[in-house]
Amino acid sequence: MNKLGQIFIKESFLVPVVAIILGLLTGAIAMLAGGFDPLLAYQSLLNKVFGNLYNFGETIRQITPLIFTGLSVAFAFRTGLFNIGAEGQFIMGMIASVFVGITVDLPFYLHAPLCLLAGALAGGLWGAIAGYLKAFRGVHEVITTIMLNWTALYFSNYILNAFLVPKGEQRSEDIKESAYISVQWLSEMFDNARLHWGTLLALVAAVVFYILLWKTKTGFELRAVGFNPHASEYAGMNVNKNVINAMLIGGVFAGLGGACEVLGVFHYQAILSAMPGYGFDGIAVALIGGNTAVGVVLGAILFGVLTYGASGMNFGAGVPVELIRVVIASVIFFVAAHGIVKYILKPVISKKKEVL
Amino acid sequence: MDFLQIISNLIHDTIVFSTALIFAALGGLYSERSGVVNIALEGMMIAGAFTGAVVTFFAQDMGVLAPWIGFAAAILAGALFSLPHATASITFKADQVVSGVALNFLAAGLTVYLTKIIFDGAGQTTTLSTVFSKWNLLGLGDIPYLGHALFEAYPTSYIAFLLVAITWYVLYKTPFGLRLRSVGEHPRAADTAGINVKRVRYTAVLISGALAAMGGATIALTTTSNFSHNTVSGQGFIALAALIFGKWHPLGALAAALFFGIAQALKGLVQVYELTAYIPIEFIYMLPYILTILVLAGVVGRSKSPAALGKPYETGSR
């Protein structure tokens, strides 16, 4: 019991929780200022998500890519890198899997895996570019990944326009059915919510994330380099190689996320006029989750519920869906500035210490 | 249309498209030269575009004065909006990149949220009837070709060019500029010399927000005549690229902004003259970003950032 109590006053637990509460409060203040009823809004949000099977299934669909991009950002974080590029890696994963999904003819047990592989590779390579530039050219990964995000956006549009989109259309044709990873029976169980194997794959990815990072030599090296690159180098580790590896693996996670979205949900890709946003949400997910596998899954659930439920909030309380971006932004902000949270928590933490 | 006219149009459009980038890149310059990373330029531009458009809308009865009132309001809003970034990264020593990401998010969400509240659920402001009109500077605009290229521009363009000169002067010729640069290079030394590191950084970030907001307002009050979710659409990130491309120097930033402006003007040109058969339009879109990466990688000349960039300053640290 004492141990359980300790978990709840641990900073790594308290800071995200308080940040979430502060984020929801900020949203509530914004709603009050706009003349809305925040209680009704949050209630409608939850109603939307848990109200019926279809919406519940769609929420799971919404959570899935967030797990992938969250893992992507978290993995890089563990090695001391800041991957803002999950967005671009996600897009590259989408376009590669769409490309293979349309142009290749194979039986389903080969086609779908090949599409996933293509997505993972494309995302991984996109991440590795930033890793390479960091390792051998000393370029800060934050800037390169931002630039690579935009490059990916237009590059994928180029591929779509040049090869996959029929003239005059705004989206590619559908991928071949052999590349689908939708789950028919599960979808039917959830009133045709677009459920797919990607969700399972995301959970497997989380497990792989944990094992890779904590149970293998590679993972030990990656974490060591993230912790102290100089000491790691002195200990005989190849820092450059690890930096590239970290970005590559992070990219693989994001690329898989993009591939699953295409293969499982849409079955086509539209010409993008803006970023899909999952990569940026992934930053929030990783931060909230403390860069751990379990944390990322929990964080993804939180943000999936918020983003999917936002339309319910609009329906039930008239609150524009954009409000949820304000909540998410505030949560990221308070996690980043955990100094503020600690400042607020100061009396609480010191009191608890006295009790123990 | 003859060749000279095409060139004249290209220069004219380049100036139009560069203006917002110049403002925002200068904004980034103040912040980053003081040691505070500012990837929130995008968000600050959005805040400026929103405020500029909305205030101008409500001031429409004032006629030609309206956009100026909107512009002034945007400056204030930008400074105000940058305050959380300053507080988080200077006082609370937060990760400046994460704080910037949060601010970009906040701006995108909050402005559309407010727009929907103000304009009865519409995702964009109504088209503004009173925006900036082009100036014919001293009648020089009547000169054939050259006039249209250089002297028929929005007032904001002239302000932007003026601000480049002012920024250069402030940075390299005034005590404040010296302090700003020293705080960004070696805050401990600056502190020892009696400079208030935090105050200088706060000032720099607030100036940064004000300038970036001027950039955003420029877009809303010249080219788009309204505010919607895609008014700014990534220009803050191009401005950041221009800042790096320009090696954190006002004149370099100006040159880079003009260069990226050409890339944007070319888009129009390529479409008008149906050159898309030869160059896919997407490659022109990609150009600024790829160039930035090449610059950073040292292929097109190395760029060195301020030494203390991104590092929160701890009093008494080494």
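Within segment A:212-221, the set of residues being of a type in the set (Ser, Thr, Tyr) and either surrounded by 17 or more Cβ atoms within 10 Å (Cβ to Cβ) or touching a residue at least 24 places away in the same chain (Cβ under 8 Å) (or both) comprises A:Thr218 only.
The residue that is surrounded by the fewest Cβ atoms within 10 Å (Cβ to Cβ), among those in segment A:26-38 that are out of contact with any Pro (no Cβ under 9 Å at 6 or more places or on another chain) and assigned to a helix (DSSP H, G or I), is A:Ala33. Has segment A:75-95 got any residue that is in a helix (DSSP H, G or I), touching a Lys or Arg at 6+ places or on another chain (Cβ under 7 Å) and among the charged types (D, E, K, R)? The answer is yes; a qualifying residue exists. Against the test of being more than 21 Å from the chain's Cα centre (by Cα) and either of a type in the set (S, T, N, Q) or away from chain B (no Cβ under 14 Å) (or both), the options A:Ile159, A:Ile175 yield a single qualifying residue, A:Ile175. When residues in segment B:286-318 are screened for being modelled with pLDDT of 85 or more and at the interface with another protein chain (Cβ under 7 Å from one of its Cβ atoms), 4 of them pass. Going through (1) surrounded by fewer than 19 Cβ atoms within 10 Å (Cβ to Cβ); (2) within 14 Å of chain B (Cβ to nearest Cβ); (3) over 24 Å from B:Ser233 (Cα atoms) one by one, A:Met313 falls short only on (1).
Quick one: which of A:Ile102, A:Ile84 is in contact with a helix residue (DSSP H, G or I) (Cβ under 8 Å, 6 or more places away or on another chain) and within 11 Å of chain B (Cβ to nearest Cβ)? Quick ask: steps written out before the conclusion?
Numbers: A:Ile102 fails: within 11 Å of chain B (Cβ to nearest Cβ).
After ruling out the rest, the residue left standing is A:Ile84.
Looking only at residues in segment B:82-113 that are facing another protein chain (nearest Cβ under 7 Å) and out of contact with any Phe, Trp or Tyr (no Cβ under 9 Å at 6 or more places or on another chain), the one that is surrounded by the most Cβ atoms within 10 Å (Cβ to Cβ) is B:Gly109. Selection of segment A:132-156 for residues being at negative phi, more than 7 Å from chain B (Cβ to nearest Cβ) and in a loop (DSSP other than H, G, I, E, B) yields only A:His140.
Does segment B:264-276 include one or more residues that are under 18 Å from the mean Cα position of the chain (by Cα), in contact (Cβ under 8 Å) with a residue 24 or more places away in the chain and within 12 Å of chain A (Cβ to nearest Cβ)?
Of segment B:264-276, the ones under 18 Å from the mean Cα position of the chain (by Cα) are B:264-265.
Cutting the leftovers down to in contact (Cβ under 8 Å) with a residue 24 or more places away in the chain gives us B:264-265.
The next check asks that each one be within 12 Å of chain A (Cβ to nearest Cβ); those that pass are none.
So far as segment B:264-276 goes, no, none of its residues is under 18 Å from the mean Cα position of the chain (by Cα), in contact (Cβ under 8 Å) with a residue 24 or more places away in the chain and within 12 Å of chain A (Cβ to nearest Cβ).
Would you call A:Phe209 surrounded by 18 or more Cβ atoms within 10 Å (Cβ to Cβ), aromatic (Phe, Trp, Tyr) and within 17 Å of the chain's Cα centre (by Cα)? Criteria met by A:Phe209. Hey, does segment B:151-169 have a residue that's under 20 Å from the mean Cα position of the chain (by Cα), more than 30 Å from B:Leu10 (Cβ to Cβ) and in contact (Cβ under 8 Å) with a residue 60 or more places away in the chain? The answer is no; no qualifying residue exists. Residues that are surrounded by 15 or more Cβ atoms within 10 Å (Cβ to Cβ) and of a type outside the set (A, V, I, L, M) were ranked within segment B:162-184; the one that is nearest to B:Thr223 (Cα to Cα) is B:Thr167.
Exactly one of these conditions fails for A:Ala41: (1) crowded, with 19+ Cβ neighbours inside 10 Å; (2) under 17 Å from A:Ile175 (Cβ atoms). Give me its number. Every listed condition holds for A:Ala41 apart from (2).
Would you check if there is a residue in segment B:66-81 being within 13 Å of chain A (Cβ to nearest Cβ) and in contact (Cβ under 8 Å) with a residue 60 or more places away in the chain?
From segment B:66-81, those within 13 Å of chain A (Cβ to nearest Cβ) are B:81; that's our starting set.
Among the residues that remain, those that are also in contact (Cβ under 8 Å) with a residue 60 or more places away in the chain are: B:81.
Looking through segment B:66-81, at least one residue is within 13 Å of chain A (Cβ to nearest Cβ) and in contact (Cβ under 8 Å) with a residue 60 or more places away in the chain.
Remark: B:Glu42 falls outside the filter, which requires a residue to be farther than 24 Å from A:Asp281 by Cβ, within 14 Å of chain A (Cβ to nearest Cβ) and within 17 Å of the chain's Cα centre (by Cα). For segment B:127-150, the candidate set comprises residues that are in contact (Cβ under 8 Å) with a residue 12 or more places away in the chain and assigned to a helix (DSSP H, G or I); within that set, the residue that is farthest from B:Ile15 (Cα to Cα) is B:Leu138.
The set of residues in segment A:292-310 being within 14 Å of chain B (Cβ to nearest Cβ) and surrounded by fewer than 21 Cβ atoms within 10 Å (Cβ to Cβ) is empty.
Restricting to segment B:115-142, and then to whatever is more than 7 Å from chain A (Cβ to nearest Cβ) and buried (at least 20 other Cβ atoms within 10 Å of the Cβ), can you tell me which residue is modelled with the highest pLDDT? Filtering first and then ranking leaves B:Thr115.
The set of residues from segment A:222-272 being buried (at least 24 other Cβ atoms within 10 Å of the Cβ) and among the polar types (S, T, N, Q) comprises A:Asn242, A:Gln269.
The values are calculated or read from the model by the stated rules, or taken from the named source; none is laboratory data. Predicted, not measured: the structure shown is a model, and the values here were computed from it. No Cβ is skipped: glycine too gets one built from the backbone with ideal geometry, and neighbour counts run over all protein chains shown.
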